[in-house]
Amino acid sequence: METAKVGERAGAAAALARAYLEKELPFEDRYAAEAALTALLDDPSSKVRAALAEALSISRHAPIQVVAALAADQPDVAAPILARSPVLSDTDLVDRVADGRSDTQRLIAQRPQLAMGVSAAIAEVGSRDACLAMLDNPSADIAALSFRRMIERHGGDAGLREALSADRRLPSDCRHVLLVQLGEALREAPLVKALVGAARAEKLTREACIRASLTLIESIDPSEHTALVEHLRIRGDLTVGFIVRTVAHGKIDFFGNVLMALTGQSHSRVKGLLVNGRDLAIATLLQKAGLAKPVHRPVIRALSVWRDVAQGKRVAGAQEVSWLMLESIGATPGQAGPDAEATDLAGLLRSVHLDALRENARLQAQAIAAA
């Protein structure tokens, strides 16, 4: 240690570490080797300490005091220890995350089988790069609360939003928050405001978020419907307009969860009514859910059509269903209903119908182009 060159000392440090880990040494020799490994922590060259860290990084039998000291060393020395040493406990890792060094946090975030407690610490205090590294780690155990904290802390970053959106572990309520944040970012974009004006931008982004939310319902597992409904209700996004759109687009399972949340009725009761309930019983359920009476007729009409579709009696989509919903209140895409009370509802259904027409036309154009 006093006379050898750096390269020789680094090689000797790695050899000593391997011997300590792999050889059956007598107690005296093992004690002396551990003392020598501890002394190597004071070597002035980071290359020597890095060689020691590399050799000790994958063993469960490495001396804890040496591993702990290497983990607190400069980043190039600590890297292999932080990235994979099984000697470090979750508490040790949380303490290192709390130190606040982004490089350290990122290395820990990349560890295989990252525990939920450590991922929670990274979500709570970790840098943007550390959170990105954790999202890129498929073996990291990330709690729903940790996803929410990352969105709260770094949701304004487009790169992190993209990584979160692509993560299959992301809960449905978090996906909806990301949709809303993206809509807000688009609404505030100077180019959008300059092109269409602030008021128009507000309307366009609101409608885009609603359509994206409907797409979200399709993409998530039905087991997450209850959580998404509760999230929408807390945010105030579970509006009559949104509920009518879900029915028009055939999201009947999701609609059932909405009715369960709003009425307190059991799953079996709501499902039974939606599948084969009489119109009067369904109207009573809708009334208990707080839906105004003018909404009952188009919703019941839509449910009847979707029943026939499910049973193979007819072929229909959102375009046909929204037309029939309009017809049920005495309106058409070209004119309002017969009374003022139905005007807003007619406008909503007309918007749903026109959106469905545009979407079908777009799909048809794509099919023609691909033929």
Open item on the list: Checking the condition in a helix (DSSP H, G or I) and more than 27 Å from residue 203 (Cβ to Cβ), which residue from 354, 348, 280, 324 passes?
Closed with: 280
- [ ] Kindly indicate whether residue 106 is over 19 Å from residue 139 (Cβ atoms), out of contact with any strand residue (DSSP E or B) (no Cβ under 9 Å at 6 or more places or on another chain), crowded, with 20+ Cβ neighbours inside 10 Å and at pLDDT 90 or above.
- [x] no
Open item on the list: Take the residues in the range 3-24 that are over 19 Å from residue 87 (Cβ atoms) and at pLDDT below 80; name whichever of them is least open to solvent (accessible area, probe 1.4 Å).
Closed with: 3
- [ ] Using the structure shown, decide if residue 158 is at pLDDT below 90, more than 24 Å from residue 267 (Cα to Cα) and in contact with a helix residue (DSSP H, G or I) (Cβ under 8 Å, 6 or more places away or on another chain).
- [x] yes
Open item on the list: Restricting to the range 212-226, name every residue that is of a type outside the set (Asp, Glu) and surrounded by 16 or more Cβ atoms within 10 Å (Cβ to Cβ).
Closed with: 212, 213, 214, 216, 217, 220, 225, 226
TODO: Starting from residues that are outside any helix (DSSP H, G or I) and polar (S, T, N, Q), keep the ones in the range 49-67 and report whichever is surrounded by the most Cβ atoms within 10 Å (Cβ to Cβ).
DONE: 57
TODO: State all residues of the range 236-263 that are of a type outside the set (A, V, I, L, M), in contact (Cβ under 8 Å) with a residue 24 or more places away in the chain and either surrounded by fewer than 18 Cβ atoms within 10 Å (Cβ to Cβ) or farther than 19 Å from residue 308 by Cβ (or both); if no residue qualifies, say none.
DONE: 237, 241, 242, 245, 253, 254, 257, 263
Open item on the list: Suppose we filter the range 155-179 for residues that are open to solvent by less than 60 Å² (accessible area, probe 1.4 Å) and either of a type in the set (Lys, Arg) or over 13 Å from the mean Cα position of the chain (by Cα) (or both); how many remain?
Closed with: 4
- [ ] Can you give me the number of residues within the range 27-48 that are assigned to a helix (DSSP H, G or I) and under 16 Å from residue 16 (Cβ atoms)?
- [x] 15
Open item on the list: Given the options 70, 37, 82, name the one that is open to solvent by less than 60 Å² (accessible area, probe 1.4 Å), in contact with a Phe, Trp or Tyr (Cβ under 7 Å, 6 or more places away or on another chain) and in contact (Cβ under 8 Å) with a residue 24 or more places away in the chain.
Closed with: 37
Open item on the list: Could you go through the range 63-77 and let me know if any residue there is more than 20 Å from residue 149 (Cβ to Cβ), of a type in the set (Gly, Ala, Ser), modelled with pLDDT of 90 or more and within 28 Å of the chain's Cα centre (by Cα).
Closed with: no
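The values are calculated or read from the model by the stated rules, or taken from the named source; none is laboratory data. Here the structure is a predicted model, which is why all the values come from computation and not from measurement. Neighbour counts are summed over all protein chains in view; Cβ atoms, including those assigned to glycine, are modelled from backbone coordinates with ideal geometry. The area values use the complete protein model at the heavy-atom level, side chains included, leaving out ligands, DNA and RNA. Shrake-Rupley method; radii C 1.70, N 1.55, O 1.52, S 1.80 Å.
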